[in-house]
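Computed from the coordinates by the stated procedures, all read-outs in this text should not be read as laboratory data. Here the structure is a predicted model, which means the values were calculated and not measured. No Cβ is skipped: glycine too gets one built from the backbone with ideal geometry, and neighbour counts run over all protein chains shown.
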Amino acid sequence: MAQTLLVAHTGRPTGSASSRRLRREDKIPGVLYGRGMTPVVLHVERRDLRLALSGSAGSNTVLSLQVDGTTYPAIVKEMQRHPIRRTVSHIDFLQVDLSESVTVAVPLRLTGEAKAVLSNGGLVDPAVDTIEVSTTPGAIPDELVIDITDMKAGDVIRLADVPLPAGVTAVGDPDMPVVTVMMSRAAAAGAGETTEG
């Protein structure tokens, strides 16, 4: 499995003033942590991070994080964003063991067209935009795809129904709604009249 190289730099002073100064220089303060290691305070170039995460796996890209000559297999555990500008203001990297499972959020994409729903004035609504899964870093899917073509009014796709690649397990309540069908009041009322009559 190819890993994306990202070079990080240590030796940054901690504290909010120095973090603001780093951000002004287009650098993102962060930390690398993992089981059995002392957390490493670091920073990465904003442009380098954007390039490293620009592939199809996005923020689930398995990185070769190079820190002071040592390379760690790592994934992005959390990205804090500026509340208005939405730029990344701090990043947490998690060192991973490529043979051990990690839990990550994978984007959900709907495919197909639910004609039975649309013809009745309804709408297919994803209840979530990501699904948490547990798998080894090399098996993290870029996205999970659900075909909604056969959905009808009243249908719900639950977590247990989501098709997953081999070696990938969904984390959470199997009954959690993932995709639902929403009917407009008029469409629902029409359906009700038909049933009553």
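Kindly provide the Kirkwood hydrodynamic radius of the range 1-67 in Å, to one decimal, from all pairs of distinct alpha carbon atoms. Write down the numbers at each step before the final one.
Details: mean 1/r = 0.0783 Å⁻¹.
That comes to 12.8 Å for the range 1-67.
Hey, any idea what the orientation-averaged projected area of the convex hull of the chain's Cα atoms comes to, in nm²? Please list the in-between numbers first.
Numbers: hull surface 57.8 nm².
Convex hull of Cα atoms, orientation-averaged projection: 14.5 nm².
So if each residue of separation counts as 0.36 nm, and I subtract the Cα-Cα distance between S56 and T4, what length gain in nm does that give?
Working: separation 52, 0.36 × 52 = 18.72 nm, distance 1.20 nm.
Result: 17.5 nm gained on full extension.
If you put +1 on each Lys and Arg Cβ and -1 on each Asp and Glu Cβ, how big is the dipole of the chain around its Cα centre, in Debye rounded to 20? Intermediate results must be reported in sequence, preceding the final value.
Values: 19 positive and 23 negative charges, 263 e Å.
The dipole of the chain has a size of about 1260 debye.
Given H placed 1.01 Å from N in the peptide plane, which residues other than close sequence neighbours of D155 have an amide H under 5 Å from its amide H?
The answer is V181.
Nearest-5 percent of antiparallel DSSP beta bridges in the chain?
75 percent
Straight distance only, please: which aspartates and glutamates reach the Cα of K152 with their own Cα at less than 14 Å, same-chain residues fewer than 8 apart left out?
E113, D125
Mind listing the phi-derived Karplus ³J(HN,Hα) values for the range 128-144, rounded to whole Hz, using 6.51, -1.76 and 1.60 with θ = phi - 60°, and x for any glycine or proline?
Working through the residues one at a time gives 9, 10, 9, 10, 7, 10, 10, 6, 6, x, x, 9, 5, x, 5, 7, 10 Hz.
Assign one of three labels to the range 63-149, namely rounded, prolate or oblate, based on the Cα gyration tensor with a ≥ b ≥ c the square roots of its eigenvalues; rounded applies when a/c is under 1.5, prolate when it is not and a/b is larger than b/c, and oblate otherwise.
Details: a/c = 4.11, a/b = 1.92, b/c = 2.13.
Oblate is the answer for the range 63-149, as a/c is 1.5 or above yet b/c matches or exceeds a/b.
Going highest first, how would you order 84-91, 130-137 by mean Cβ packing within 10 Å? Before the final figure, lay out each step's value.
Details: 84-91: 13.8, 130-137: 18.8.
Highest to lowest by the protection proxy: 130-137, 84-91.
For Y72, which sequence-distant residues (separation of 5 or more, or a different chain) have an amide H within less than 5 Å of its own amide H, given hydrogens modelled in the peptide plane?
Distant-sequence amide H within range of Y72: L65, Q66, V67.
Around V106, which amide H atoms from residues at least 5 apart in sequence, or from another chain, sit under 5 Å from its own amide H, with H modelled in the peptide plane?
Answer set, sorted by chain and number: I131, E132, V133.
Note down the nm distance, to one decimal, between modelled labels 7 Å out along Cα→Cβ at L164 and at R21.
About 4.7 nm separates the two model spin labels.
Considering only V76, G112, S19, whose Cα is most displaced toward the positive end of the charge dipole of the chain, charges sitting on Cβ of Lys, Arg (+1) and Asp, Glu (-1)?
Value computed over the given set: S19.
With a ≥ b ≥ c taken as the square roots of the eigenvalues of the C-alpha gyration tensor of the range 62-106, please select rounded if a/c is under 1.5 and otherwise prolate if a/b is larger than b/c or oblate if it is not?
Working: a/c = 3.88, a/b = 1.53, b/c = 2.53.
Oblate is the answer for the range 62-106, as a/c is 1.5 or above yet b/c matches or exceeds a/b.
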